[in-house]
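Undergrad: This is the structure I have questions about; it appears just below.
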Amino acid sequence: MARPRETYWFALKVFYNRVEKIKADFKAARYETYVPMTVIEKFQKGELEYIEKPVVASLLFVRCSESFLVRYKRENSDEFLYYSSPGNNKPARIRDREMEIFRQATMLAGSGAEYLGSETSRWCIGDRFKVTQGLYSGLEGYVKRIKHARKFIVCIEGLAAV
């Protein structure tokens with residue numbers, strides 16, 4: 001049975017390493033969650049290990065109804081904050097297309113995903129590009145020179161740039 005279109009993407013800042021608990025709660029309520037991950041190489045005990053870790057510490061995206069999120073926040077106020085729209089205390093919705101591009105970019109980047117900060121206005125200036133061929137085909141973002149190399153940057157406005 002499909003849910004009516006009352007669900008939207010929201011971003012949460014999770015405290016005290018409670019991401020897994022909150023993910024489990026949303027999954028139990030049949031809502032989708034996403035944590036952008038990257039793979040790092042670590043040389044330990046004479047072996048090369050690949051370890052998956054979050055691109056942005058304590059950041060969790062959830063797709064749920066606004067009423068469920070507000071109710072869950074009331075019951076678990078010390079575990080997380082939701083990002084709100086400027087000027088009000090309502091959770092800020094993330095557009096589906098913006099979230100889809102962000103998810104695709106972080107999944108494809110793998111070990112190349114790098115968090116550039118929450119000052120998206122610093123990175124999201126100039127012409128917006130749409131990749132037409134190759135691994136990142138269909139993604140939209142900005143091309144910027146960072147540390148003498150051109151990088152493809154994908155942003156969720158006001159929240160994160162990778």
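Undergrad: Taking 0.36 nm per intervening residue step and subtracting the Cα-Cα distance, what contour gain separates K90 from N17 on full extension?
TA: Extending this stretch completely gives an extra 23.9 nm.
Undergrad: A further question follows. Amide H to amide H, which residues 5 or more places from L139 or on other chains are under 5 Å from it, using H placed in the peptide plane?
TA: V131
Undergrad: Reported to two decimal places, what Rg/Rh ratio describes segment 27-106 when computed on Cα atoms with Rh from the Kirkwood expression?
TA: Checking Rg against Rh, the ratio lands at 1.08.
Undergrad: Another question, if that's okay. Of K27/K90; K21/K53; K21/K45; K53/K147; K90/K130; K13/K144, which ones are farther than 20 Å apart at the Cα?
TA: Over 20 Å Cα-Cα: K27/K90; K21/K45; K53/K147; K90/K130; K13/K144.
Undergrad: Charges only on Cβ, +1 for Lys and Arg, -1 for Asp and Glu: so what's the dipole of segment 1-96 about the Cα centre, in debye to the nearest 20?
TA: 380
Undergrad: Now for a different question. Ordering L59, L48 by accessible area with a probe of 1.4 Å, largest first, what comes out?
TA: Result of the area sort, largest leading: L48, L59.
Undergrad: I'd like the accessible area for S67, computed on protein heavy atoms only with a 1.4 Å probe and all protein chains in place. Round to 10 Å², please.
TA: About 70 Å², rounded to the nearest 10.
Undergrad: With every protein chain present, what is the per residue accessible area of segment 1-104 (1.4 Å probe, Å²)?
TA: Normalised by residue count, the accessible surface of segment 1-104 is 64 Å².
Undergrad: At a probe size of 1.4 Å, how large is the accessible area of R95, to the nearest 10 Å²?
TA: Counting only protein heavy atoms, the figure is 150 Å².
Undergrad: Would you mind classifying segment 1-73 by shape? Square roots of the alpha carbon gyration tensor eigenvalues, ordered a ≥ b ≥ c; an a/c under 1.5 is rounded, otherwise it is prolate if a/b is larger than b/c and oblate if not.
TA: prolate
The values are calculated or read from the model by the stated rules, or taken from the named source; none is laboratory data. What you see is a predicted model, and the numbers here were worked out from it, not measured in a lab. No Cβ is skipped: glycine too gets one built from the backbone with ideal geometry, and neighbour counts run over all protein chains shown. Remember, those area values only see protein heavy atoms, side chains included, never the ligands or the DNA or RNA. Shrake-Rupley method; radii C 1.70, N 1.55, O 1.52, S 1.80 Å.
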